[in-house]
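Everything on this sheet refers to the single structure shown next.
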């Protein structure tokens, strides 16, 4: 899988988690179009990358323990307020 497709999949998973629209693991995997084991791998990798993912058993959904944003670029220019030089 290309890095771009991987990042796009992580962004999709992130949006579902952010909205608390995942459902349980079976539902989340179905929404994401992947197997439960593949979803578990993605969740573990996202946690390793710093995403504070938790699961609420009562609400039956994944959520973020802390508020935050997903960085949109892998490269940010120093001393710039934007990611693209002028």
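Any read-out appearing in this document is the output of simple, stated calculations on the displayed coordinates, not a laboratory observation. Remember, it's a predicted structure, so these values are computed and weren't measured experimentally.
The shape of the chain comes out prolate: with a ≥ b ≥ c from the C-alpha gyration tensor, a/c is at least 1.5 and a/b beats b/c.
For the pair the stretch 8-31 and the stretch 39-80, the centres of their Cα atoms are 11 angstrom apart.
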